[in-house]
Amino acid sequence: YKIQHVYLATDSDDKEELAYVDAMLQPARYKAPRAEGRDSDLRVQVDVANVEIAICASARFFLGTKTSSYTLAIIEERTAVFGHKPDSAVEMGNLGELPHAHDARMTTPRHEKTESETGGRPDPSPDHPVLPAESVTAVTARASAPPSPPERIEQLQRFLLFDVSAGEQLNKQRRALMFFLDLAMLTKRVLVLPRARLLARNKWGGHGPDETFVRWGELFNLSKLKAVHPVVELEDFVEQRGRVDLHLRNAQECSLELDQTFGFNGLRLFASRCECRRGFQHNVPAMRAETATAIAFSEVTNQLGPQRVAPLRPYVRFAQGVYDRAADFVAASFGDAPFVAVHWRRTDFLQVRRSQPGVLQSAQHLVEHVKRAMEKYKIQHVYLATDSDDKEELAYVDAMLQPARYKAPRAEGRDSDLRVQVDVANVEIAICASARFFLGTKTSSYTLAIIEERTAVFGHKPDSAVEMGNLGELPHAHDARMTTPRHEKTESETGGRPDPSPDHPVLPAESVTAVTARASAPPSPPERIEQLQRFLLFDVSAGEQLNKQRRALMFFLDLAMLTKRVLVLPRARLLARNKWGGHGPDETFVRWGELFNLSKLKAVHPVVELEDFVEQRGRVDLHLRNAQECSLELDQTFGFNGLRLFASRCECRRGFQHNVPAMRAETATAIAFSEVTNQLGPQRVAPLRPYVRFAQGVYDRAADFVAASFGDAPFVAVHWRRTDFLQVRRSQPGVLQSAQHLVEHVKRAMEKYKIQHVY
C-alpha cells in the first residue's frame, strides 16, 4: 500500500521479540504516564486500551490477531465510526515459507487450512498474499470527532432517485419512499425525494389523469427523516447537479432505445446512461457495486413488508401542522374523552372490491361493528372518515352513531382544491391514529396508513386497531340493500383467526391501553419508550473484559429495542491483568458514561445508568439468573454489578433473553439478567455499533498522538496479541504470529499501499 509508517499495539512483554520488531519496523507506540494507586492504574490501563483502538481504527490499513475480541473491536470501530471499507483490515494468518532465513524459535508451524477454516479463501502464502487484492481508499488519520453514519453517507455524494408510477395515490407514494429509504441505507446513498404527486379524484372515487406536484417537505417532516438518513429534495438535486449518471426504467415493456433526456416526476432530466434492468432495485449486492454516482429508477411501485417498515415509519411522518390541526379538532369535538375512529371506504370499492369477502361493510354492518367497540371499551364518542356520497347511508349512520367528521373550507382553483383534499386526508389519518380504538376497511392503503401511524407515531398497541370483517347474521332486522352476504372464510383467509361473528366478536380479546387523544407533537420512538417506564438490566459474568462487556451491551440494546424497554447501563468492570496476560480477581467499577459516549447512545434508544436507576427506583421486579447451575431457592437480595439489589421475584429462566415474544409479554416493570455473556452476530451489530462509541476524549487523545507521530502521513496499524494467547491459542492455526511473521505481514502491507509508518 506504499505506506512508510507503522503503529504497534501489543501486550507482548518478550524483550527479544520486541527488540526484533522495533529494529525491523520502528513502530510508534502509545504510552500514558502511570497513575498512583491500584484503581487509578486500572483506569489508565483501560484508557490506553481505548485510545489504541481509536489509533488503530484511524489507520490506512490494519492487521489484527485472529480470535481476539480486541482486534474485533478495532475492526468494528474502523467500519462503524471511521468509515473505512471492510477490506482495509485483515486478521493475520500463516505466511507459509518466508522469503528469507529465520530463527526456528521465531517460526510458527505452517498449517494447510481447509476452506471451512479460512472462510473459503486460500491460505495466505507467498502465492496467496495475506492482503486483499483491491487497494484501500485513503481515509484521514485524524481521529477527532468522527462523523455520524448519516454524515459519512452524505460525504460520499452518491445518490438514489425514484419516481412512482403515475396514478399511485399519496399513501402508496409514501410506502414506495420507505422501500427506497431502506435501499438507500443498505447501499449508503443519499435519498433524493421526489415531489409528491397529488391526484384529482373523479366522480367514481378513483383518480383521474390530472396531477399536481408539490415538494415532499410541504407535506412531510424532513427534519425527522434527515435524523435517520441523509435526504435531498429533487428540485434541489437538479439545481445542484443537473443530471443523473444512470437511468433505469422499470416498466413492464422497456425498449433498449431509451432517450438520454427523459420524463421524471413531472420534470425533464438528462442521463449519461439509460438502461432496462427490471428488478435491479432488489439486487442489493449489485446496487452496492454499481459505480454510477446518481442512479434514477422510474415507474416504480415497490413497497416494503411490515417488518422492514416498522423501524422506518416513525421517521416518515407528516409536517407538524397536520398534527396541530388534528389536535385542535379532537379537543373541540371530544375534549379529553376517548373515542372510536372508523375508516369506511365506499365509492370505487363498491365496484372493484365487490367480490372480495369482508371488504364492503353496509351501513348497518358498520354501525354494529362500532357499537360493539363502544360497548366493549366503554367509549361514547365516534369519529367517521369516509368517502361515501350515498345520502341514505350517511343519514342512517349519523342517526345511529352521531359521529364527528372533519371538514375544511373549499379552496379556489383546481390546484388549491387538490392541496386541501390532501391536507384533509392527512389530518383525518392523524385524527384516526389518535383514537383509543380504530376500525378500518380491509385492503385499503388508507386504513394501512392509519394503522402504521397509530403504532409508529402515536405509540398505540397493535391490538388497538382491527379491519372490519363479516359479522354474520346481525341480531336485529335490516334492509336487504344495506347487507353484504355472509362468507365463511377459511383459516388461510383469516390468518388463523375465527371469522368475526356474534360468537367471535370482531374486537380483540385484550383491552387496549389508554393513549391520549391529543395529536399535537407526537413523541419520538425513544421518548415513547421512556414514557412507558419499563426497564431492562443486565450484568456480565465476572472476568469478562471491557470489549466483551461492550458486545454484551449491544445484545441487550437490541433486546431493549425489540421489547420497548429502557436499557439500564451497568457500571463498566475494570479488571487487573495478571503476569500471564489474563485477568485476576480484582475489579474496579466506573460509570459507563465515564468511558463511553452516552449522548450518541441516547440518540438511538433511551438509557439510564445503573446507579441512577437504583437511586430512583431502589429495586427490580424480576431477577433472572442465567448461570449454568441455578438453584430455585434464590435470595431476593442479590449481588449485581458490584452492588446489592432487591428483587420482588427471583427465578431461573436460562435463555429467556432469546425469547422475544415472551419478553414482550412479561409484565414485570424492571427485569434484571445476571451472569450473562451474550453477544450479537455481525449483521445485528452493524447498525448499532456507530452509536456505541468511546467518550470524545479518547478520540481527541488518539488524534493528538497520530498528529504528533505521523502528521498527515498514512500508517499501518497492527494488533499483535501475545501473553496468555501463547498458551490458550497455541493449537489454533494462524492465531499466533512470531515476530518475523509479524514483520513480514506488515512489510507486505507497507509495500503494497506505499505506507512508511507503523503503529
Which order do Ile431, Ile529 take when ranked by solvent-accessible area (1.4 Å probe, heavy atoms of all protein chains), largest first? Ile529, Ile431
So how much accessible area does Met185 have, in Å² to the nearest 10, using a 1.4 Å probe? 60 Å²
Leu186 neighbourhood, Cβ < 12 Å, K/R = +1, D/E = -1, net charge +3
At q = 0.15, 0.17, 0.24 Å⁻¹, work out log10 I(q)/I(0) for the stretch 677-754 with the Debye formula, treating every Cα as an identical point scatterer and leaving solvent out; two decimals please. -0.98, -1.12, -1.03
Could you order Glu611, Glu239, Glu392 so the one with the most accessible surface comes first? Probe is 1.4 Å. Glu239, Glu392, Glu611
Report the full-extension gain for the segment Glu16 to Leu156: residue separation times 0.36 nm, less the Cα-Cα distance, to one decimal in nm. 45.9 nm
For the stretch 645-703 and the stretch 281-358, what is the separation of their Cα centres, given in Å? 32 Å
Could you tell me the accessible area of Ser599 in Å² (1.4 Å probe, neighbours in place), rounded to the nearest ten? 80 Å²
Residues of the stretch 596-617 with amide N under 20 Å of a point placed 7 Å along Cα→Cβ from Gln696: 596-605, 607
Scale the Cα Rg of the stretch 255-410 by the rule-of-thumb value 2.2 N^0.38 Å and send over the ratio, two decimals. 1.55
For Lys752, what accessible surface area do you get with a 1.4 Å probe? Give it in Å², rounded to 10. 90 Å²
Ranked highest first by the average count of other Cβ atoms within 10 Å around their residues, in what order do 294-305, 725-736 fall? 294-305, 725-736
Which sequence of His282, His381, His741 reflects their accessible areas, 1.4 Å probe, from the largest down? His282, His381, His741
Above-threshold pairs, the threshold being 24 Å between Cα atoms, out of Lys15/Lys752; Lys172/Lys224; Lys2/Lys31; Lys376/Lys442; Lys378/Lys461; Lys188/Lys564: Lys15/Lys752; Lys2/Lys31; Lys188/Lys564
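The values are calculated or read from the model by the stated rules, or taken from the named source; none is laboratory data. Fair warning: this is a prediction, and the values are worked out from it, not measured in the lab. Every residue, glycine among them, receives a Cβ derived from its backbone with ideal geometry; neighbour counts consider all protein chains shown. SASA here: full protein model, heavy atoms, side chains in, ligands and nucleic acids out. Shrake-Rupley method; radii C 1.70, N 1.55, O 1.52, S 1.80 Å.
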